[in-house]
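Note sheet for the following structure.
The values are calculated or read from the model by the stated rules, or taken from the named source; none is laboratory data. Computed from a prediction, not measured in an experiment: that's the story for all the values here. Here Cβ is always computed from backbone atoms with ideal geometry, including for glycine, and neighbour counts include all displayed protein chains. With ligands, DNA and RNA removed, areas are computed over all heavy atoms of the protein, side chains included. Shrake-Rupley method; radii C 1.70, N 1.55, O 1.52, S 1.80 Å.
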Amino acid sequence: MAVLGEIRKKTWLIFVVIGIAMLAFVAGDLFGENSKIKQLFTGDPSVVGTVNGETIGIAEYQSAYDATQSMYENQGKPATPNQIAQQTWNSLISQKVLKQHAEKLGLKVSDDEFWSYVAQNFGLGSGEEAQQQIAQLEANAAATPEAQQQYRGWLQTAEQIKIQLLSQKYFGYVMAGTAVTNKEADIQQGYNISNANIQYAFLDYTTLAKKLNVKVTDDEISAYEAKYPKLFKAEGLVKLSYTYFPAGASTADDAVALANIKKYLSTQIIHDDVNNITDTIQGFGAAKNDSAYVTQNSEKPFISNYFTKEELAQSQLTPEINAYFKNATVGQIGGPFKVADTYQLYKISKSKEVKDSVKSSHILVAFEGSAAGKGVKRTKAEAKKLAEEILAQVKANPASFGDVAATKSDDKSSAVQKGSIGWVGKNNQLDQTYNGFIFTKPVGTIDLVESQFGYHIIKVDDAKNKVAYQVANIVKRIDPSKATTEKAFTNARTYVQAIEGKSLNDFKNAAKKGGYLNNTTEGIERYAGIGQDIPNDQDSDILKWAFDKKTDAGATNLFTSTTGDYIVVHLVEKFDKGLAAPSVVRKFVEPVLLQEKVSKLIDEQIANGGLNAFVSKFGAKKGNATVNFSNSNLTGVGLEPRVVGAAFGVKPNTSSKAIAGNAGVFYIIPTNQQIQKNQKGAMILDNLNRQLQGKFQQTLLQSLIQAADVVDNRDRALTR
């Protein structure tokens with residue numbers, strides 16, 4: 001009734017309520033994810049983030065995420081969802097920032113530039129041919145799912161190519177104005193040969209901070225952050241403490257695994273009680289078909305390749321396995337060997353002679369757009385026709401191969417050797433297509449092969465063989481038993497029950513008492529990695545739980561990794577978006593502020609007393625050194641550019657004031673300054689330009705990203 005009375009008094013509220021309700025009716029559910037009303041307060045749920053106002057939508061982000069995931073898979077590198085997410089986000093930001101700055105300068109990638117690049121890098125004759133092939137792919141995409149998938153992949157690749165070309169243009173445009181002048185090179189040459197002798201006194205910051213009782217407060221850290229907000233802006237952080245309960249195999253489980261693999265060393269008789277069947281399994285050494293035996297009994301597939309003993313020795317196997325291979329003969333068993341979480345048996349299955357090195361010759365017919373086609377005007381079709389004609393000629397008269405190569409090959413470096421490439425081993429720098437041909441074809445073979453360089457008429461001149469061996473390998477994992485995994489779960493559950501609702505100290509003390517691994521993070525972001533001492537496959541789920549609005553500081557939760565291990569996580573603290581909390585950045589900021597405060601106090605207390613007063617009052621260490629202006633290294637201490645600079649700036653035989661060095665506070669007295677002037681630096685000009693451009697390339701993109709207005713809405717947009 002009281003509320004109704006207030007509404008009667010304030011009739012304008014009714015119109016506001018009615019207006020919002022009508023707007024919600026038009027736009028959709030007032031509280032739905034797509035509600036325009038809600039978007040006024042929370043942002044568009046379909047937008048993952050923005051870069052200088054340019055949006056990154058869910059579809060764009062997901063497409064980039066899938067591409068990043070495929071990249072890791074193709075490279076055979078393991079990656080957690082959070083690692084993929086962060087790599088994706090960083091790539092998208094980099095691309096957006098570069099594209100925006102390039103377009104501000106009016107830089108664009110023309111169609112001719114794009115298709116020429118595609119032709120050159122995909123082994124096609126011209127941009128027109130590249131366009132035709134992509135047009136055909138687009139037409140095929142409507143017919144089959146496979147072609148549709150290929151076309152979608154092409155669209156992603158095309159976008160990356162455009163960004164790459166645009167960024168190359170941008171970097172080239174900016175770098176054109178980056179150069180070292182002759183005068184600067186002259187000055188640097190003088191620096192390079194200028195030396196000074198100094199006396200110095202030095203004491204590290206930690207010791208001085210204790211002597212002066214200097215501390216850095218949270219307020220001082222916050223003030224420092226406020227001066228450099230771009231450096232300390234956080235999208236929201238959490239601080240976690242975690243306790244780890246590995247469910248790995250016990251000593252008893254290891255013994256069981258070892259006993260089981262040893263059974264393959266002799267004949268086994270196995271009885272199936274259910275079907276009342278008795279089966280006999282031959283020992284590994286007696287097996288007639290090693291491929292079938294490994295397929296039936298190993299947890300890794302049979303590898304049919306042949307390897308020389310030199311190749312086996314370079315395979316990064318354990319010393320025990322290498323020792324076995326060194327003297328093993330066909331049919332001989334080695335092991336069991338323990339390798340990580342497995343036991344393994346090895347057997348030399350077969351041997352045969354294989355090519356170890358090959359001598360070959362070739363005649364190259366390049367074409368416009370091929371890797372060796374610079375200055376060549378013939379098309380790909382013309383090159384193929386010419387290559388086929390030359391092939392027919394040298395096949396009809398093999399003895400003429402050298403003379404033909406000398407006059408017709410586009411590989412001028414080998415043409416002077418009558419086409420000879422010489423002897424090469426398996427691990428060489430030749431094109432893979434060429435290499436595959438010469439190592440698989442008999443001596444005397446002459447045939448035509450296409451590579452990125454053009455068309456090769458290849459002749460296999462000679463070969464040297466070595467004995468190679470086929471290796472059969474039985475691998476058995478050392479798995480934890482049911483009793484082991486149950487014990488880990490029981491320990492984790494008991495621990496959770498004991499610390500539920502208790503403090504961080506209780507959480508840590510209980511872990512210490514139980515002898516369990518425990519660690520506490522600094523503040524970490526939603527898509528960060530948590531720790532290297534626990535399985536990372538749960539990072540995304542743990543941080544999703546920790547960042548959830550329903551999860552309060554002090555909450556505890558149990559997570560299970562894909563390996564069956566258990567992680568108990570305690571949410572210590574949550575930090576909102578904005579400048580990071582002082583506790584989060586203290587380890588980065590405190591040393592900087594400590595150096596400033598200590599140096600200032602030392603300067604005030606020593607006043608004009610100089611080096612000797614510093615030694616007398618604080619017990620600083622004295623030393624002598626010769627320093628070079630262009631090299632900031634102080635022998636026995638480390639890199640100290642301020643000290644070296646002062647060595648040439650302070651008057652000889654005069655003490656400096658306090659110098660805030662990298663390692664501590666210094667006072668110096670220059671005793672001799674050999675400053676070289678009127679030097680000529682023409683010899684070092686090119687090197688200085690390369691150094692400058694290298695530094696510029698390393699820092700330009702990072703600076704552009706740091707200056708950008710980046711909004712990260714992933715946590716909200718991707719967890720609806």
Count of the range 174-226 residues which are in contact (Cβ under 8 Å) with a residue 24 or more places away in the chain and on the phi > 0 side of the Ramachandran plot: 0
Near pairs, Cβ below 7 angstrom, 6+ apart or cross-chain, from the range 628-647 (modelled with pLDDT of 90 or more and open to solvent by 70 Å² or more (accessible area, probe 1.4 Å)) to any residue that is in a strand (DSSP E or B) and not polar (S, T, N, Q): Arg642/Ile659; Arg642/Ala660
Whichever residue in the range 411-465 is in a loop (DSSP other than H, G, I, E, B) and among the polar types (S, T, N, Q) and, among such residues, is farthest from Lys384 (Cα to Cα): Asn427
Residue in the range 525-532 that is within 18 Å of Thr80 (Cα to Cα) and either at pLDDT 90 or above or assigned to a strand (DSSP E or B) (or both) present: yes
Selected residue [small (Gly, Ala, Ser) and under 33 Å from the mean Cα position of the chain (by Cα)] from Gly501, Gly514, Gly554, Gly529: Gly529
Selection count, the range 208-249, where residues are open to solvent by less than 50 Å² (accessible area, probe 1.4 Å), modelled with pLDDT of 90 or more and more than 25 Å from Ala553 (Cβ to Cβ): 7
Selected residue (criterion: most open to solvent (accessible area, probe 1.4 Å)) from residues of the range 250-272 that are hydroxyl-bearing (Ser, Thr, Tyr) and touching a strand residue (DSSP E or B) at 6+ places or on another chain (Cβ under 8 Å): Thr267
Test: residue in the range 77-93 that is under 21 Å from Lys169 (Cα atoms) and small (Gly, Ala, Ser): yes
Which numbered condition Phe588 fails, given (1) open to solvent by 60 Å² or more (accessible area, probe 1.4 Å); (2) touching a Phe, Trp or Tyr at 6+ places or on another chain (Cβ under 8 Å); (3) hydrophobic (A, V, I, L, M, F, W, C): (2)
Residue pairs meeting the criteria (Cβ under 6 Å; at least 6 apart or on separate chains; first under 16 Å from Ser94 (Cα atoms), in the range 53-67; second aromatic (Phe, Trp, Tyr) and modelled with pLDDT of 90 or more): none
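Please specify each residue of the range 550-592 satisfying the condition of being of a type in the set (A, V, I, L, M, F, W, C), without any contact (Cβ under 8 Å) to a residue 40 or more places away in the chain and assigned to a loop (DSSP other than H, G, I, E, B).
Ala553, Ala555
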Filter result for Asp565 (modelled with pLDDT under 95 and open to solvent by less than 30 Å² (accessible area, probe 1.4 Å)): yes
Residue check, Asn52 at positive phi and either open to solvent by 70 Å² or more (accessible area, probe 1.4 Å) or modelled with pLDDT of 90 or more (or both): yes
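For residues that are polar (S, T, N, Q) and assigned to a helix (DSSP H, G or I), scanning just the range 593-619, find the one that is least open to solvent (accessible area, probe 1.4 Å).
Ser599
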Residue, farthest from Phe439 (Cα to Cα), within the range 409-424, restricted to residues that are of a type in the set (Gly, Ala, Ser) and open to solvent by 30 Å² or more (accessible area, probe 1.4 Å): Ser413
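Do we find that Val711 is crowded, with 16+ Cβ neighbours inside 10 Å, in a strand (DSSP E or B), within 24 Å of the chain's Cα centre (by Cα) and modelled with pLDDT of 80 or more in this structure?
Taking the combined requirement at face value, the residue satisfies it.
Looking at the range 486-520, which of the residues that are open to solvent by 80 Å² or more (accessible area, probe 1.4 Å) and not acidic (Asp, Glu) is farthest from Ser241 (Cα to Cα)?
Ranking the candidates gives Lys487 first.
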Filter result (of a type in the set (Val, Ile, Thr) and open to solvent by 50 Å² or more (accessible area, probe 1.4 Å)) within the range 438-485: Thr440, Val443, Val467
Residue match in the range 669-686 (condition: surrounded by 14 or more Cβ atoms within 10 Å (Cβ to Cβ), within 16 Å of Val627 (Cβ to Cβ) and either without any contact (Cβ under 8 Å) to a residue 12 or more places away in the chain or of a type in the set (A, V, I, L, M) (or both)): yes
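Any idea which residue in the range 299-346 is nearest to Asn465 (Cα to Cα), counting only those that are in a loop (DSSP other than H, G, I, E, B) and open to solvent by less than 20 Å² (accessible area, probe 1.4 Å)?
Just the residues of the range 299-346 that are in a loop (DSSP other than H, G, I, E, B), to begin with: 299-305, 308, 314-318, 328-332, 340-341.
Add one more test, that the residue is open to solvent by less than 20 Å² (accessible area, probe 1.4 Å), and what stays is 308, 328.
Values: Thr308: 10, Ala328: 20 Å.
Ranking the candidates gives Thr308 first.
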Residue within the range 419-430 that is farther than 25 Å from Phe307 by Cα and either charged (D, E, K, R) or free of Cβ contacts under 8 Å to residues at least 60 places away in the same chain (or both) present: yes
